[in-house]
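As structure tokens, the structure follows; a few thoughts come after it.
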Amino acid sequence: MRLLFSSLALTTVLLCGLSSSSIAQTQPKSKDFSAMHADLIKAFAPTGVLRASLNMGNPVLANRDAQGKPFGISIDLALELGKKLGVPVELIVNETAGKSVATLEEGRADIGFFAVDPERGKDIAFTAAYVQIEGYYLVRADSSIQRNDQVDVATNRVVVGKGSAYDLFLTRHLKHAPLERVASSQVVVSSFLDKGFEVAAGVKQQLEADTKGVTGVRLLGERFMVINQAMGVPKTKGPEAALFLRTFVEEMKAQGVVKNSMTRYDIKGAGVGPAADPKVDPLTAP
């Protein structure tokens, strides 16, 4: 690819926190700039449309309105990226995180919105987090479990959404408690209640929403993980695409786009992700 930005130049953008207008002002109006833009469009929208893989299983990121139309932070970011590239956006709806990842890895989408995880990072180049959310445990009110460190025993079956970020995390970190994987994050609480599992794990907001009005259950008092929600692009797109996307996310955070989305959709218990570490290479992280 003939790209005007070198990796060093893009890293400098990250360090300086320049806005998109500032970046545009630093670029010469030349054939080189036009070639860069054309190469980016070829990388991100080879079909002429930016195809964005969505995960509807996480209410912090995406939801549906009364007509079934997707809305949320992920949608806002996809539309902003399409606007920046000057291409239309197609929203590809998936009901679970696992299906959303598969959609990108199988070439049916160009970008996606995922929790950062080393397993997914084998094929996906992640940006820094645009939103950070928390994973919590849910137990019954009369459970003897009071702290997170009491969960990992052989008699505690922990129900999780298959392929979710917390499933991948707990697969690596729980040594004794068996994981019971169910079809999606949306059915974790109902499975926990109906099948008598000792512990449910999930995104705090989802657990709270699904137990609203339910008696006899409680969340433990501390998170077991921080979930870094990021944008991702296949590593096969190359370093320029990965660095461009990381810079884009930093702009969206710095300009208040992410924060405004969180306010507009009344997202509670989550925060805007910290600034990217310029020393981290998105092609080798996490």
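The values are calculated or read from the model by the stated rules, or taken from the named source; none is laboratory data. The structure presented is a predicted model; accordingly, all values stated were derived computationally and were not measured. Cβ: placed from backbone, ideal geometry, glycine included. Neighbour counts: every protein chain shown. When the accessible area is computed, the model is the full protein with side chains, heavy atoms only, and any ligands, DNA or RNA have been set aside. Shrake-Rupley method; radii C 1.70, N 1.55, O 1.52, S 1.80 Å.
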| remark: (1) open to solvent by 20 Å² or more (accessible area, probe 1.4 Å); (2) part of a helix (DSSP H, G or I); (3) among the charged types (D, E, K, R) all hold for E251 apart from (1)
| remark: Within region 255-277, restricting to residues that are more than 16 Å from N58 (Cβ to Cβ) and not aliphatic (A, V, I, L, M), the one that is least open to solvent (accessible area, probe 1.4 Å) is G256
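Sort through F71, F113 and tell me the only one that's modelled with pLDDT of 95 or more, among the aromatic types (F, W, Y) and open to solvent by less than 40 Å² (accessible area, probe 1.4 Å).
Only one candidate qualifies: F113.
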| field | Qualifying residues in region 154-173 (those that are in contact with a strand residue (DSSP E or B) (Cβ under 7 Å, 6 or more places away or on another chain) and in a loop (DSSP other than H, G, I, E, B)) - the one least open to solvent (accessible area, probe 1.4 Å) | value | N156
| Unmet criterion (only one of (1) within 21 Å of Q229 (Cβ to Cβ); (2) in contact (Cβ under 8 Å) with a residue 40 or more places away in the chain; (3) open to solvent by 10 Å² or more (accessible area, probe 1.4 Å)) for A125 | (3)
| task | Name the single residue, out of those in region 85-110 being open to solvent by less than 70 Å² (accessible area, probe 1.4 Å) and in a helix (DSSP H, G or I), that is farthest from S185 (Cα to Cα). | result | L85
| query | Looking only at region 40-68, which residues are among the β-branched types (V, I, T) and surrounded by 22 or more Cβ atoms within 10 Å (Cβ to Cβ)? | reply | V60
| message | Out of everything in region 196-244 that is among the basic types (K, R) and either part of a strand (DSSP E or B) or within 24 Å of D142 (Cβ to Cβ) (or both), what residue ends up being most open to solvent (accessible area, probe 1.4 Å)? | response | K212
| said: Between I75, I133, which is farther than 25 Å from P278 by Cβ and either within 12 Å of the chain's Cα centre (by Cα) or outside any loop (DSSP other than H, G, I, E, B) (or both)? | reply: I75
| query | Do you know which of the residues in region 133-163 that are in contact (Cβ under 8 Å) with a residue 60 or more places away in the chain and basic (K, R) is nearest to V199 (Cα to Cα)? | reply | R140
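Do the conditions hold for D76, that is, is it touching a Phe, Trp or Tyr at 6+ places or on another chain (Cβ under 7 Å), touching a residue at least 24 places away in the same chain (Cβ under 8 Å) and of a type in the set (D, E)?
no
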| query | Taking interchain pairs and intrachain pairs at least six residues apart, which have beta carbon atoms under 7 angstrom, with the first residue in region 89-110 and within 19 Å of G68 (Cα to Cα) and at pLDDT 95 or above and the second of a type in the set (K, R) and buried (at least 21 other Cβ atoms within 10 Å of the Cβ)? | reply | E90/R51; I92/R51
| note | Cβ pairs under 7 Å, 6+ apart or interchain, first in region 175-186 and open to solvent by 60 Å² or more (accessible area, probe 1.4 Å) and modelled with pLDDT under 95, second in a loop (DSSP other than H, G, I, E, B) and of a type in the set (D, E, K, R), ordered by first then second residue, are A183/K162
| remark: Note on V189: of the conditions (1) part of a helix (DSSP H, G or I); (2) open to solvent by 10 Å² or more (accessible area, probe 1.4 Å); (3) among the hydrophobic types (A, V, I, L, M, F, W, C); (4) touching a Gly at 6+ places or on another chain (Cβ under 9 Å), unmet is (2)
